[in-house]
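Read the structure below first, then the notes.
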Amino acid sequence: RGAKILGEMADTEGARPAVDPVSWLRYLLGCKYSSQEAMQLIQLIAKEKGVQLPTPEALKNVTAKDLAFLPKKLSGKLLRKAGLAASRKRSGTSGDETSHKRRKAASPVLTKPQPSAKSEEELRETTILCKRSPVMILLAAVAGQKAYGLPWAQALAAGKAVADAYAQMKAKHIGLTPWERESAAANGEEGPSRRMIRLLDIDLEVLESGSVRFRGSAEEVNAAGVARYLSKAFADDLPVALQALELLVGALDEADIQADRFLYGMWERIRPSVPRGKAGWGAKGNLSLQAVLDERARYLEHRHGGEDRKVKAESTPTPTPTPTPTPT
């Protein structure tokens, strides 16, 4: 069809056409127009009497106002290619600054919230009504930072992956329809470069991209959505919950955090109390920060008590046995 139109334009009145369709077609295809759009523009340019544009070179002698006869939905690429498009930059803002602002808006830096600075007595008097999942996420995130040196964004993603793994297990246990997705690694195939860590007895893959997933899942977790979820779940109580959990995890040895059943055992003793079975799925319960601090005190007492007993045993000399008199 395009060849037919070009032929008709070239044969018009048996003379050289006012518009060179071939050079225009090449130019417009270079502007990323489709063939159909390019042919439509060539016909409009050829019919226009007010402006003479025999070839694309003539665009150097016109303004954007001269091309107002072209439909706006078609003229944008042509105007930009010819350098006639109106600048979208704001006054006083360079292109580099605008680009930087867009990149900054698209990928905001995720900063760790500031924990509260309450006294231990104030913490012990605090109870937070919340679901279990955000507490597990926050506990695992703080533990991931302590045991593996994860940056806060990856720690959050790791915490969410841990919570997802336990949610899937509980869904199966209580008969709810679980979400099941297998990853390449679960099928024995080689996946992307990753680092393996273990939190609350769950094996996690920290991917090169920065996202995290639990082993056997194809669902990659990144931190932005997790941060919003925690802010909504805890609301104004997030700083105080973070302070209490950091006090607990900060007292633990890294080896204990990584040990099987250790941190999960603590979680079972501090988690919000909810009904068993389906009735407790997604239900809220009371998170007692006194229970969190009691767990910390119990750990420190056990650790320091054991060390004190060991030091005492090593420093106490073994008594010399009294020789038994030999009967004569």
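Any read-out appearing in this document is the output of simple, stated calculations on the displayed coordinates, not a laboratory observation. Not measured: the values here are computed from a predicted model. Cβ: placed from backbone, ideal geometry, glycine included. Neighbour counts: every protein chain shown.
Using 1/(1 + (r/R0)^6) with R0 = 41 angstrom and r between the beta carbons of residue 55 and residue 218, what's the FRET efficiency to the nearest 0.05?
Values: r = 55 Å, r/R0 = 1.34.
Result of the calculation: an efficiency of 0.15.
Would you mind getting me the FRET efficiency between residue 77 and residue 203? Use the beta-carbon distance for r and R0 = 45 Å, nearest 0.05.
Numbers: r = 51 Å, r/R0 = 1.14.
Here the calculated transfer efficiency is 0.30.
Expressed in whole Å with the largest first, what are the equivalent ellipsoid semi-axes of the range 191-313 derived from the C-alpha gyration tensor as the square root of 5 times each eigenvalue? Each step should come with its number before you reach the end.
Numbers: eigenvalues 163, 101, 42 Å².
Its equivalent ellipsoid spans semi-axes of 29, 22, 15 Å.
5 Å is the cut-off here: which amide hydrogens, built 1.01 Å from N in the peptide plane, fall below it relative to residue 131, excluding neighbours closer than 5 in sequence?
285
In 10 Å bins starting at zero, report the fraction of Cα pairs in the range 210-282 per bin as a rounded %.
Reading the bins upward from 0: 14, 30, 50, 6.
Is the shape of the range 13-67 rounded, prolate or oblate, going by the alpha carbon gyration tensor and its root eigenvalues a ≥ b ≥ c, with a/c under 1.5 for rounded and a/b larger than b/c for prolate? It would help to have the intermediate numbers written out before the result.
Details: a/c = 1.59, a/b = 1.08, b/c = 1.48.
Since a/c reaches 1.5 but b/c is at least a/b, the shape of the range 13-67 is classed as oblate.
Stretched out fully, how many nm does the piece from residue 68 to residue 120 gain, at 0.36 nm a residue minus the Cα gap? Each step should come with its number before you reach the end.
Details: separation 52, 0.36 × 52 = 18.72 nm, distance 7.25 nm.
Taking residue 68 through residue 120 to full extension adds about 11.5 nm, to one decimal.
Cβ under 10 Å from residue 196's Cβ, residue 196 left aside: what net charge do those residues give with Lys, Arg +1 and Asp, Glu -1?
Working: positive: 194, 195, 198, 215; negative: 203, 205.
The answer is +2.
From largest to smallest, what semi-axes in whole angstrom does the range 241-298 give when each is the square root of 5 times an eigenvalue of its alpha carbon gyration tensor?
For the range 241-298, the ellipsoid semi-axes come out as 23, 14, 9 Å.
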